[in-house]
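This report concerns only the one structure given below.
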Amino acid sequence: MNASYEWLQAFVPLDATPAQIRDLLTTHTAVVEELVPLRSDLAPIVVARVTEAARHPDSDHLWVTKVDAGGGELIEVICGAPNVSAGKLYPFAPVGTTLPDGKTIERRKIRGVVSNGMLCSASELGLGEDHQGILELTVVAEPGTQLLSIMPVGDTRLVIDVGANRPDLLSHLGLARELAAVTGTTWHLPEVPGLGPGIPTAHRVEGQGATAGIEVRVDANTKTRRYMGAVLRGVQIGASPDWLVRRLAGVGVRSINNVVDATNYVLHELGQPVHAFDVGKLAGKAVVVRRARPKEALVTLDGTVRSLPPDAVVIADGERAQAVAGVMGGRDSEVTNETRDLFIEVASFDPKLTRAARRALGLATDASYRFERGVDPELAPEAMDRIVRLVIALAGGTLAEAPVDVAGSKLAQPVITLRHSRVAQVLGSEVPWDQSRRDLEGAGFELVAKSDRDLKVRVPTWRSDVTSEIDLVEEVARFHGYDKFPDEIRPFRPTTTFDDPMWTVADRLRDALVGLGLYETRPMPFVHGTEETHVRVGNPLAENEAFLRNSLLETLARRAEFNLSHRSGDVRIFEIGSAFARRKAAMPREQFRLGAIVMGRRRPPHFTEPQPPLLDEWDAKSLAEVAAATAYPGQPIELAPGTGQVLWHIHVDGRTMGNVVQVALDAPVWAAPAYGIELVLGPMETEPAADRGTHSYIVGGHPDRPASTKYRALPTMPAAEIDLALVVPAETTVADVERVIRTSAGELLERLDLFDQYTGAGVETGHRSLAWRLTFRHPERTLRDKEIEGRRAKILGALEQELHVRQRSA
């Protein structure tokens with residue numbers, strides 16, 4: 001969106017520079033991406049100070065001056081102006097500068113003295129009619145400063161990034177409303193030279209009507225919101241006055257003729273596209289808004305023959321299409337120098353149909369850009385009054401009859417209540433309530449009722465994006481100024497809605513596994529499978545991976561093999577995702593799972609350990625214990641030995657929730673064994689409730705709500721540690737030994753760690769020596785030696801009685 005600084009000033013006369021207008025709009029309304037000075041022809045002109053001025057020895061009206069133009073050396077310049085004076089600042093054109101009138105400054109010898117540039121008058125710079133003296137500058141600036149940077153000359157174009165939800169800002173009227181609301185001032189339509197009195201009120205009809213002998217019909221299937229037409233007779237097509245040419249140039253529009261320029265003026269001033277037809281070229285004295293007929297074509301204003309899309313809305317006469325509604329007019333009814341009578345159209349077309357036609361035709365115009373985003377139907381009468389009076393002022397003629405107004409259903413203006421408490425809650429800061437009311441009223445919101453606690457406002461027709469209370473809160477925030485809100489961190493409660501339990505579990509697992517050195521992967525869940533074992537996708541991305549995986553280890557194994565093919569044997573990867581189990585005559589069962597594969601060296605090589613040991617099944621078991629404890633906090637975790645490739649079953653509170661397996665890979669001979677972990681985290685919402693009931697999933701302690709985090713104070717009492725070296729039968733598992741130790745040790749046992757395993761001399765055949773370190777701590781006092789020894793004896797007695805495990809002698 002291009003806007004003119006001078007045009008905005010005509011709406012809202014603010015004492016503000018273009019840069020200040022830019023900052024106001026960017027802070028409160030829409031981002032101004034660029035300021036473009038339109039007098040770029042003055043870019044070479046700099047500020048210069050005359051340090052010496054003396055009469056020319058061979059002339060009684062010329063002056064020889066010394067000029068400081070910021071280059072470090074004084075320049076000799078001949079000047080014929082009577083008002084040149086030492087110590088003053090003037091515009092200076094260096095050698096090589098081309099002035100606005102096309103004259104190029106050259107180094108010249110004038111009556112024996114060389115002049116190296118020119119001190120300029122207002123006329124020579126195109127800034128006024130005074131050419132008798134040079135332009136004395138009253139600014140504070142250093143010599144060499146660009147004139148444009150210290151003196152606002154000519155108009156400035158504002159390039160504004162307007163969001164799709166704010167079509168009301170695609171006009172100077174919309175921007176002026178915003179500036180007036182922000183600054184607390186008022187706006188008014190700019191005065192236009194020669195503008196006559198207002199026109200008669202339009203005839204409001206439904207479906208069809210007539211004005212000045214022209215029948216106007218609007219078909220219902222065009223979804224046109226409003227269509228107004230007026231006939232002007234006796235106009236004289238010609239050139240536009242300078243003020244209109246300059247104003248259109250300010251927004252980047254080229255002048256064509258007075259009538260077309262008037263339509264462009266109203267489009268950029270009010271945001272309402274307007275089109276003018278030559279009445280003499282309309283067949284049947286009719287204007288019909290209808291859908292395009294099959295194989296109908298139209299020569300548009302750019303001279304291109306275009307086949308009309310079947311759903312396009314067209315403006316037709318009694319015989320054929322004359323324009324594509326909301327996009328572009330036709331060549332056959334174009335306004336030319338011979339035109340004497342006009343039919344002026346002011347309408348509000350359907351955004352979706354306009355967009356579809358524009359895309360099908362490959363056209364983009366200023367009008368379609370606005371219609372696609374929505375033009376306020378209630379703007380049409382004001383725009384019709386403006387365009388008719390403007391054309392008469394520019395091209396003469398008379399209005400033949402009151403305009404016709406074929407109107408659709410009136411847009412609803414919602415009434416919304418804004419609560420003071422809600423504003424403070426959302427914004428986290430108090431905003432003055434009276435100021436909020438004034439800001440909303442200044443932006444066009446009609447106050448219906450007010451109190452100390454709430455406001456009730458009616459939304460203006462041009463703000464279709466405001467539909468609920470939260471939109472009004474946003475209005476309050478932007479008018480107040482986002483930069484005025486505090487930037488320090490404050491306590492707050494963002495929501496009363498809990499995070500999804502599965503997300504919480506996944507987040508905990510991700511933190512834990514990344515902390516242990518694993519890398520997360522996110523592969524697609526598609527694999528190569530068979531109809532008997534997998535679920536086939538109805539529309540697969542690729543036929544070689546047309547099935548859903550039934551295990552996360554399927555896809556992780558392919559990632560591991562990829563690493564091995566690149567001679568990377570140290571693999572530590574995991575994924576949190578879904579696996580799909582095939583079921584007959586039913587949707588597959590989807591489960592949320594954790595999968596991980598580890599293989600290779602236990603730690604990176606170091607000069608102190610060139611060949612680190614390889615990861616083994618015990619490392620995989622330890623990783624599975626960490627994962628299960630993280631996913632199911634507070635639940636009893638047990639790993640029971642498996643058979644075949646299944647090394648351990650992962651039990652959570654007595655239920656099997658996963659496995660630790662040895663993974664078979666397509667691997668080179670040098671590759672180390674690979675170990676996989678797969679843990680069920682819970683069902684997905686797509687799993688039928690009946691099937692969920694046959695499985696027990698515990699996520700964070702309760703199946704219906706997220707896990708609550710338990711906090712406890714850091715210990716202040718010292719811990720007591722003892723080591724137990726035990727002789728354990730080979731068939732007895734470590735898990736069984738730990739279970740007995742925890743049960744008999746009591747509530748003071750804080751930590752239990754297995755730190756050694758030994759077989760060999762000193763240990764009888766069929767047994768192994770295992771050593772545990774037990775950490776005891778009382779929360780309120782120091783433990784006595786007698787208490788520790790008592791617990792040691794109780795533990796050893798329980799082990800002997802239940803598992804035939806005894807303490808190893810020295």
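The values are calculated or read from the model by the stated rules, or taken from the named source; none is laboratory data. Please read these numbers as outputs of a predicted model, since none were measured by experiment. As a convention, Cβ positions derive from the backbone with ideal geometry for all residues, glycine included, and neighbour counts pool all protein chains shown. For accessibility, only protein heavy atoms count, side chains too; no ligands or nucleic acids. Shrake-Rupley method; radii C 1.70, N 1.55, O 1.52, S 1.80 Å.
When only Cα pairs below 8 angstrom with a gap of at least 6 residues are kept, region 39-98 shows a relative contact order of 40 percent.
What does the C-alpha gyration tensor say about the overall shape of region 411-562? Classify as rounded when a/c is under 1.5, otherwise prolate if a/b is larger than b/c, or oblate. Let's see the in-between values first.
Details: a/c = 4.14, a/b = 2.31, b/c = 1.79.
Cα axes put region 411-562 in the prolate bin.
Note that region 29-133 carries a Kirkwood radius of 14.8 Å, evaluated over its alpha carbons pair by pair. Using the average count of surrounding beta-carbon atoms within 10 Å as a protection proxy, the listed peptides 297-306, 104-113, 330-339 rank, highest first, as 330-339, 297-306, 104-113. Placing unit charges on the Cβ atoms of the charged side chains and taking the dipole of the chain about its Cα centre, the candidate lying farthest along the positive direction among Cys79, Pro44, Thr201 is Thr201. Going by the alpha-carbon gyration tensor, a ≥ b ≥ c the square roots of its eigenvalues, is region 357-396 rounded (a/c under 1.5) or, if a/c is not under 1.5, prolate (a/b greater than b/c) versus oblate? Because a/c hits 1.5 or more and a/b fails to exceed b/c, region 357-396 counts as oblate. For the chain, the Kirkwood hydrodynamic radius from C-alpha pairs, put into Stokes-Einstein at 20 °C and a viscosity of 1.002 mPa s, yields a diffusion coefficient of 60 µm² per second. Per residue, the average separation of C-alpha pairs within less than 8 Å and at least 6 apart gives the chain a relative contact order of 8 percent. Take every pair of alpha-carbon atoms less than 8 Å apart whose residues are at least six positions apart; their mean separation over the length of region 153-273 yields a relative contact order of 29 percent.
Can you find, among Val680, Thr186, Leu516, the residue sitting farthest towards the positive end of the charge dipole of the chain, where Lys and Arg contribute +1 and Asp and Glu -1 at Cβ? The Cα lying farthest towards the positive end belongs to Val680.
Might you report the magnitude of the Cβ-based charge dipole of the chain about its Cα centre, with Lys and Arg at +1 and Asp and Glu at -1, to the nearest 20 debye?
On the way: 92 positive and 108 negative charges, 219 e Å.
Using Cβ point charges on Lys, Arg, Asp and Glu, the chain gives about 1060 debye.
Report the gain in length on full extension from Ser568 to Ala449: 0.36 nm times residue separation, minus Cα-Cα distance, nm rounded to one decimal. Intermediate values should be presented prior to the final figure.
On the way: separation 119, 0.36 × 119 = 42.84 nm, distance 7.20 nm.
Extra length available between Ser568 and Ala449 comes to 35.6 nm.
Residues in region 367-418 average 35 Å² of solvent-accessible surface per residue, probe 1.4 Å, ligands and nucleic acids excluded. Near Val728, once Lys and Arg are set to +1 and Asp and Glu to -1 for all other residues with Cβ below 10 Å from its Cβ, the sum equals +1. The simple spin-label model puts a point 7 Å past each Cα toward its Cβ; for Glu382 and Phe485 those points are separated by 3.0 nm. In a DSSP loop and with at most 11 other Cβ atoms within 10 Å, the GluC sites (Glu not before Pro) in region 415-479 are Glu430. Helix 433-442 and the longest principal axis of the C-alpha atoms of the chain enclose an angle of approximately 50°.
With a 1.4 Å probe and every protein chain left in place, work out the accessible area per residue of region 515-580 in Å², rounded to a whole number. The partial results should precede the final answer.
Working: 3600 Å² over 66 residues.
Heavy-atom SASA per residue in region 515-580 reads 55 Å².
Cα extents for region 36-79 along the principal axes, largest to smallest and rounded to whole angstrom: 45, 24, 10.
To the nearest ten degrees, helix 469-480 and the longest principal axis of the Cα atoms of the chain are 60 degrees apart. Rounded to whole numbers, the Karplus 3J(HN,Hα) couplings from phi for region 561-578 are 5, 4, 4, 5, 5, 9, 6, 10, x, 9, 10, 9, 10, 8, 9, 10, x, 9 Hz, using 6.51 cos²θ - 1.76 cosθ + 1.60 with θ = phi - 60°, and x at Gly and Pro. Against the chain, whose longest principal axis is taken from its Cα atoms, helix 351-361 shows a tilt of about 80°.
Give me the extension gain from Arg603 to Lys410: residue separation times 0.36 nm, minus the current Cα-Cα distance, reported in nm with one decimal.
Working: separation 193, 0.36 × 193 = 69.48 nm, distance 7.37 nm.
So the extension gain works out to 62.1 nm.
Taking the Cα centroid of region 78-114 and of region 418-472, what is the distance between the two, rounded to the nearest whole Å? Taking the Cα centre of each part, region 78-114 and region 418-472 sit 59 Å apart. Averaged over its residues, region 42-110 has an accessible area of 51 Å² per residue, based on protein heavy atoms and a 1.4 Å probe.
Taking 18 Å as the cut-off, the amide N atoms of region 27-55 that come nearer than this to a point 7 Å along the Cα-to-beta-carbon line of Arg111 belong to 53-55.
Roughly speaking, to the nearest percent, how much of region 453-558's 1.4 Å accessible area is carbon and sulfur? Answer for region 453-558: carbon and sulfur cover 54 percent of the accessible area.
Give the carbon-plus-sulfur fraction of the accessible surface of region 65-201 in %, rounded to a whole number; probe 1.4 Å, heavy atoms of protein chains only. Could the numbers behind the result be given before it?
Details: 3250 of 6650 Å².
The nonpolar share, carbon plus sulfur, comes to 49 percent.
Each peptide in 363-371, 195-203, 262-270 was scored by the mean count of other Cβ atoms within 10 Å over its residues; highest first, the order is 262-270, 363-371, 195-203. When only alpha carbons are used to place a centre, region 649-676 and region 597-639 end up 12 Å from one another.
Measuring how big region 242-317 is from its alpha-carbon positions, Rg and Dmax come out at 15.4, 45 Å. Which percent of the accessible area of region 206-245 is formed by carbon and sulfur heavy atoms (probe 1.4 angstrom)? Ligands and nucleic acids excluded, carbon and sulfur reach 47 percent.
Between Ala239 and Leu516, the modelled label-to-label distance comes to 8.5 nm, taking each label 7 Å out from Cα in the direction of the beta carbon.
Extension gain for Thr51 to Thr104 (0.36 nm times residue separation, less C-alpha to C-alpha distance): 16.6 nm.
Shape of region 72-228 from its Cα gyration tensor (a ≥ b ≥ c, root eigenvalues): rounded if a/c is under 1.5, otherwise prolate when a/b > b/c, or oblate?
Numbers: a/c = 3.38, a/b = 2.74, b/c = 1.23.
Prolate shape, in that a/c is at least 1.5 and a/b is the bigger ratio.
In the chain, if the dipole is taken from +1 on Lys/Arg beta carbons and -1 on Asp/Glu beta carbons about the Cα centre, which of Val734, Thr608, Leu137 is farthest to the positive end? Projecting each Cα onto the dipole axis, the largest value belongs to Val734. Rounded to whole Å, the principal axis extents of the Cα atoms in region 184-279 read 41, 40, 28, largest first. Based on alpha carbons, the Rg and Dmax found for region 510-598 are 14.2, 44 Å.
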